[in-house]
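One structure is given here, and the rest of the page talks about it.
The values are calculated or read from the model by the stated rules, or taken from the named source; none is laboratory data. These figures come from a predicted structure and were not determined experimentally. Using ideal geometry, Cβ is built from the backbone for each residue, glycine included, and neighbour counts are taken over all protein chains shown. Side chains are part of the model used for accessible areas, which takes the heavy atoms of the whole protein and leaves out ligands, DNA and RNA. Shrake-Rupley method; radii C 1.70, N 1.55, O 1.52, S 1.80 Å.
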Amino acid sequence: MKTLDDLRFDNRFARLGDTFSTRVLPQPLDDPQLVVASADALALLDLDPAVADDPRLVQIASGAALWSEAEPRAMVYSGHQFGSYNPRLGDGRGLLLGEVINDAGEHWDLHLKGAGSTPYSRMGDGRAVLRSSIREFLASEHLHALGIPSSRALCVTGSDTVVYRERPERGAMLMRLAHSHVRFGHFEYFYYTRQHEALRTLLDHVVQWHYPDCLEHPEPYTFFFRAVLERTAAMIARWQAYGFCHGVMNTDNMSILGITFDFGPYAFLDDFDARFICNHSDDSGRYSFENQVPIAHWNLAALAQALTPFVEVERLRASMDLFLPLYEAEWLDLMRRRLGFTLAQEGDKALVQRLLQLMQGSAVDYTRFFRELGEHAPEAALQRLRNEFVDLAGFDAWAAEYRARSEAEGGDQADRQARMAQVNPRYILRNYLAQQAIEAAEAGDYAPVRELHRVLSRPFDEQPGMERYAERPPEWGKHLEISCSS
Ligand code: AMP
Ligand code: MG
């Protein structure tokens, strides 16, 4: 196990030079304090969990100190925001500190979000607030624990620095980890500024370090796009299966690695609602829950456009056509497992869709439904869940089919229940739970956010004494308005 002094750096992205990023030093926060740290994320860097108590972590994670091998850089990118092209975005309030190599030989980007202004800050102050930093921290670690690919979070530091949003708030920083911070928008930036040489350099960089299998292929770039599309489809399938709503699927928030990235006004569904819009500023519902599938496809088309100097359009189009079938296969596979099935059968898709239709408008809690379905034999479970539905006749018809489908598979009841408990979380990051922990943290009490993080990092396990986190949300908790300002 390592200490902070033992980390080794290999800053591959920084070495690409000033065309791709700008050297900027972090601007420290006043009187920093550690709010919460993730032992699981520390372990990715082979760091001892006790590093969370090392005062130097707070110094580094609040911009007051730097490893000698770190080379902080702000990356340039652009992107489509709510469907319109914004030619210049970039790291306006985050810095890539460097790339750590762990003992397994993996590279991890260390990114400090909220580190102060950069050449890409535009009108912004370069800061992040405690509220949004805690939200990103909780979500990254929880999604990972659910099996949803995501960037990771090492720690959040709070401070006495005042940051002005709709009201004065406490400034904070989030230390984020990912194998890469390259976004779809990086490619768009070099494409739309007609810097095709730089575009090729970026492409080669990403292929070499993150998609090396493509180099075995006769058309590496064609295969690369296909691989990004496959990973994105798999990620979206998991979002939809678990009820995760990202909220700001702009192309600058889409990771080239197909991991969930840049958390803003996200939410997990409480009651199932396909049309749920978690972003209070998204008036048209562009990024509603059900639109995430076509929007991911749209975003992939924006990436494909940026690759046209190097890949034939027909090739890109052929890959684009694979998105929906790939997405659907992944989604259906996970939904089948959530229902306790092990075999794929004709009619499964219709069975899942009918269940979601019955849930729509019935105020059925999405997470609890599946967990409870797996806690008893089908007959008993269905009987208990029946009362939650408005269309009882519709539910009874569905339940008869579900029972028949389960019986046809046979198998042991205990196995079924154990299997279902491994894919259906007991605990989910509900907005109101995050909100309660944030309010405590804003008042200086970090115990609730630490406890919530601990519970959510083992979402499938029964955790005696933590039952309150698994309860149905209170009515007020279902209608929190989460704004984009962070
Ligand atoms: P986001 O909505 O966090 O994905 O950010 C979109 C763009 O705005 C990115 O280029 C960010 O770096 C930039 N940005 C967001 N908030 C700030 C801020 N407070 N100061 C400077 N830039 C910001
Ligand atoms: Mg962003």
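Within the set Asp40, Asp30, the sole residue that is open to solvent by 30 Å² or more (accessible area, probe 1.4 Å), modelled with pLDDT of 95 or more, among the acidic types (Asp, Glu) and part of a loop (DSSP other than H, G, I, E, B) turns out to be Asp30.
Among the residues of segment 67-85, write down those that are assigned to a strand (DSSP E or B) and either open to solvent by 30 Å² or more (accessible area, probe 1.4 Å) or not assigned by TED's automatic domain parsing to the domain that holds Ser21 (or both).
Passing the criteria: Gln81, Ser84, Tyr85.
Find the residue count for segment 432-472, including only residues that are polar (S, T, N, Q) and under 22 Å from Ala52 (Cβ atoms). Number of matching residues: 2.
Residue-by-condition table, conditions (1) buried (at least 24 other Cβ atoms within 10 Å of the Cβ); (2) free of Cβ contacts under 8 Å to residues at least 24 places away in the same chain; (3) not in a helix (DSSP H, G or I):
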residue: Gly185; (1), (2), (3): yes, no, no
residue: Arg194; (1), (2), (3): no, yes, yes
residue: Leu215; (1), (2), (3): no, yes, no
residue: Tyr221; (1), (2), (3): no, no, no
residue: Ala233; (1), (2), (3): yes, no, no
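Of the residues making up segment 293-310, those that are of a type in the set (Phe, Trp, Tyr) and open to solvent by 50 Å² or more (accessible area, probe 1.4 Å) number 1.
If the condition is being farther than 29 Å from Pro309 by Cβ and among the charged types (D, E, K, R), then segment 217-252 contributes only Arg238. Inside segment 395-446, residues that are open to solvent by 60 Å² or more (accessible area, probe 1.4 Å) and within 30 Å of Val162 (Cβ to Cβ) make up a count of 4.
Residue count for segment 76-104 satisfying the condition of being hydrophobic (A, V, I, L, M, F, W, C), more than 16 Å from ligand 2 (Cβ to nearest atom) and out of contact with any strand residue (DSSP E or B) (no Cβ under 6 Å at 6 or more places or on another chain): 1.
Among the conditions (1) within 13 Å of ligand 2 (Cβ to nearest atom); (2) under 23 Å from the mean Cα position of the chain (by Cα); (3) open to solvent by 20 Å² or more (accessible area, probe 1.4 Å), the only one that His107 does not satisfy is (1). Scanning segment 354-378 for residues that are assigned to a helix (DSSP H, G or I), closer than 19 Å to Glu475 by Cβ and touching a Phe, Trp or Tyr at 6+ places or on another chain (Cβ under 9 Å) yields Met359, Tyr366, Thr367, Phe369. Taking Arg12, is it closer than 21 Å to Glu106 by Cα, of a type in the set (D, E, K, R) and in the same structural domain as Leu110 (by TED's automatic domain parsing)? The answer is yes for Arg12. Inspect segment 1-13 for any residue being closer than 30 Å to Phe187 by Cα, away from ligand 2 (no atom under 16 Å from the Cβ), modelled with pLDDT of 95 or more and of a type in the set (A, V, I, L, M) and give the result as yes or no. No; the residues of segment 1-13 include none that is closer than 30 Å to Phe187 by Cα, away from ligand 2 (no atom under 16 Å from the Cβ), modelled with pLDDT of 95 or more and of a type in the set (A, V, I, L, M).
Within segment 272-293, identify whether any single residue is assigned to a helix (DSSP H, G or I) and more than 15 Å from ligand 1 (Cβ to nearest atom), and answer yes or no. Looking through segment 272-293, at least one residue is assigned to a helix (DSSP H, G or I) and more than 15 Å from ligand 1 (Cβ to nearest atom).
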